[in-house]
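Data block below; observations after.
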Amino acid sequence: MIKYLGSKRRLVPVLETLFDFSGARTALDLFTGTTRVAQAFKGRGATVTAVDSARYAEAFAQCYVATDARDLDAGDLAAAVDHLDGLPGEEGYVTEVFCRRSRFLRPENGVRIDAIRRALDEDFAGSPLFPVLLTSLVEAADRVDSTTGVQMAYLKAWAARADRALCLRVPDLLDGAGTAVRGDALELVRDGSLGGFDLAYLDPPYNRHRYTANYHVWETLVAWDAPEHYGVACKRTEVRDEPTSVFNRKREMPAALAEVVAGVDAGVVVLSYNDESWITRDELVDLCAVRGEVRVLVFQQDRYVGARIGIHGPDGRPVGEVSHTRNVEYVVLAGDAATVRRMEAAVGDRSR
Ligand SMILES: C[S@@+](CC[C@H](N)C(=O)[O-])C[C@H]1O[C@@H](n2cnc3c(N)ncnc32)[C@H](O)[C@@H]1O
């Protein structure tokens, strides 16, 4: 899986326990990102729907959530990965924009990414292998990128991992059916089109930084639309020109989150949030009270690497200052009292 700001990698064991003790069989991951939480629920036997507004997240969800491993021939998949991995490089948009105009990837890897992405459209369009191979490509590119984990800037000196050769791997697919949806969480909850779930996991953005800017290289690799770009980081112009997600707007986000919490069709809601965001712990509890019993679990953790070493501009100079290196992650449980208490008891005392 890719490096991702706000990824719940370290919370997965807790979320698995919560899922198990909720008794749920169906689950919604409404801001799925890397899909790692959706995968965790699917791995516990749930039928999962994974939603996100980003194109790359939809590709990951089609791969890991919607694809039933039993429907694919493992030999065909491995052969396709080998074939793509062996293609000779070809200059294209990635090489020009992300290796020469900017320096997110080494040109030796950029030409191979261009060749593989082109071959995906020519040879695999419409195939069930397509999202799996596309995910394999994005993940391979992520392993050789030259960033701190976000694509607002690249490193002044090449990251050591950028020297390695791009290498595609077969994604670890899971058995079972699921659904991938690209869309706006608030609109989808409003129109009711997602249906009902036993458990809904909500992990919205925490600040004004939009994910499609932080991961614009992956967005372009998936969209494959050779977009106009701007700035040193060569971001897609749509990042600048289109409205931000309501969850990235300080004044509107609390009401939007409250509407999603109240409106999502689910037995129990599990909401991730942290102490760097625009809503306080008490406000979170208040907005979840509409669903019944509310409990807050508290986890201390390190912030992402960029926050720990500081962000640097293209000239290598630090931009801003490192304010703190730890934060608090909240997991809020809301639903009927018996279920919420059972879930809380399963993870032990996490009240502070
Ligand atoms: C904190 S991240 C989720 C991380 C995810 N749980 C993981 O472990 O990878 C928030 C996600 O919300 C998505 N997002 C932002 N605005 C959205 C919206 N209006 N509707 C749906 N998804 C949105 C972003 O693309 C991002 O992937």
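The values are calculated or read from the model by the stated rules, or taken from the named source; none is laboratory data. Given the structure is predicted, the values throughout are model-derived calculations rather than measurements. Here the Cβ is made from the backbone with ideal geometry for all residues, glycine too, and neighbour counts use every protein chain on show. What goes into the accessible areas is simple: the full protein's heavy atoms, side chains included, and nothing from ligands, DNA or RNA. Shrake-Rupley method; radii C 1.70, N 1.55, O 1.52, S 1.80 Å.
Which of the residues that make up region 303-352 are in a strand (DSSP E or B), of a type outside the set (Val, Ile, Thr), at pLDDT 90 or above and open to solvent by less than 20 Å² (accessible area, probe 1.4 Å)? I'd like the intermediate steps shown before the answer.
Let us first name the residues in region 303-352 that are in a strand (DSSP E or B), namely 311-312, 318-319, 326-335.
Retained after the next criterion (residues that are of a type outside the set (Val, Ile, Thr)): 312, 318, 326-327, 329-330, 333-335.
Right, trim to at pLDDT 90 or above and you get 329-330, 333-335.
Once the filter is applied, which keeps residues that are in a strand (DSSP E or B), of a type outside the set (Val, Ile, Thr), at pLDDT 90 or above and open to solvent by less than 20 Å² (accessible area, probe 1.4 Å), region 303-352 yields GLU329, LEU333, ALA334, GLY335.
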query: If we scan region 3-22, do we find a residue that is in contact (Cβ under 8 Å) with a residue 40 or more places away in the chain, near the ligand (Cβ under 8 Å from one of its atoms), of a type in the set (Lys, Arg) and under 22 Å from PHE197 (Cα atoms)?
result: yes
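Being in a loop (DSSP other than H, G, I, E, B), of a type in the set (A, V, I, L, M, F, W, C), within 19 Å of the chain's Cα centre (by Cα) and within 16 Å of the ligand (Cβ to nearest atom): is that true of VAL150 here?
Numbers: in a loop (DSSP other than H, G, I, E, B): yes; of a type in the set (A, V, I, L, M, F, W, C): yes; within 19 Å of the chain's Cα centre (by Cα): yes; within 16 Å of the ligand (Cβ to nearest atom): yes.
In short, yes.
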query: Is it the case that CYS63 is assigned to a helix (DSSP H, G or I) and either over 30 Å from TYR230 (Cβ atoms) or in contact (Cβ under 8 Å) with a residue 24 or more places away in the chain (or both)?
result: yes
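Being among the basic types (Lys, Arg) and either within 16 Å of the ligand (Cβ to nearest atom) or not assigned by TED's automatic domain parsing to the domain that holds GLN300 (or both) is the requirement here; does ARG25 meet it?
Working: among the basic types (Lys, Arg): yes; either within 16 Å of the ligand (Cβ to nearest atom) or not assigned by TED's automatic domain parsing to the domain that holds GLN300 (or both): no.
So ARG25 fails the test.
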- prompt: Which of the residues belonging to region 9-34 are farther than 22 Å from ALA256 by Cα, open to solvent by less than 50 Å² (accessible area, probe 1.4 Å) and not in a helix (DSSP H, G or I)?
  reply: ALA24, THR26, THR34
- request: Answer with yes or no whether ALA255 is outside the structural domain of TYR93 (by TED's automatic domain parsing), exposed (fewer than 14 other Cβ atoms within 10 Å of the Cβ) and closer than 28 Å to TYR201 by Cβ.
  value: yes
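Going by the structure shown, is VAL239 within 15 Å of the ligand (Cβ to nearest atom) and either at pLDDT below 95 or not basic (Lys, Arg) (or both)?
Working: within 15 Å of the ligand (Cβ to nearest atom): yes; either at pLDDT below 95 or not basic (Lys, Arg) (or both): yes.
So VAL239 fits the description; yes.
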field: Within region 211-233, considering residues that are buried (at least 21 other Cβ atoms within 10 Å of the Cβ) and assigned to a loop (DSSP other than H, G, I, E, B), the one nearest to the ligand (Cβ to nearest atom)
entry: TYR215
field: Residue pairs meeting the criteria (Cβ under 8 Å; at least 6 apart or on separate chains; first touching a residue at least 12 places away in the same chain (Cβ under 8 Å), in region 165-177; second among the aromatic types (Phe, Trp, Tyr))
entry: PRO171/TYR64; LEU173/TYR64; LEU174/TYR64
- prompt: Got a sec? Which of GLY86, GLY92, GLY126 is more than 16 Å from the ligand (Cβ to nearest atom) and closer than 27 Å to ALA157 by Cα?
  reply: GLY92
- prompt: Just one of the numbered conditions (1) within 18 Å of PHE130 (Cα to Cα); (2) in contact with a helix residue (DSSP H, G or I) (Cβ under 7 Å, 6 or more places away or on another chain) is not true of ASP73; which one?
  reply: (2)
- request: Could you please find all residues in region 208-224 being of a type in the set (D, E, K, R) and at pLDDT below 95?
  value: ARG208, ARG210
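Against the definition (open to solvent by 10 Å² or more (accessible area, probe 1.4 Å), at pLDDT 95 or above and in a loop (DSSP other than H, G, I, E, B)), how does ALA79 come out, yes or no?
Values: open to solvent by 10 Å² or more (accessible area, probe 1.4 Å): yes; at pLDDT 95 or above: yes; in a loop (DSSP other than H, G, I, E, B): no.
So ALA79 does not fit the description; no.
For (1) part of a helix (DSSP H, G or I); (2) of a type in the set (D, E, K, R); (3) outside the structural domain of THR34 (by TED's automatic domain parsing), each residue gets a yes or a no:
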{"position": "GLU58", "(1), (2), (3)": "yes, yes, yes"}
{"position": "LEU87", "(1), (2), (3)": "no, no, yes"}
{"position": "CYS99", "(1), (2), (3)": "yes, no, yes"}
{"position": "ASP121", "(1), (2), (3)": "yes, yes, yes"}
{"position": "LEU133", "(1), (2), (3)": "yes, no, yes"}
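Go over the candidates PRO205, PRO171 one by one and state the one that is modelled with pLDDT under 95 and buried (at least 19 other Cβ atoms within 10 Å of the Cβ). Walk me through how you get there before you give the answer.
Values: PRO171 fails: modelled with pLDDT under 95.
Just one listed residue meets the conditions, PRO205.
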task: Mind counting the residues in region 258-268 that are open to solvent by less than 50 Å² (accessible area, probe 1.4 Å) and outside any helix (DSSP H, G or I)?
output: 4
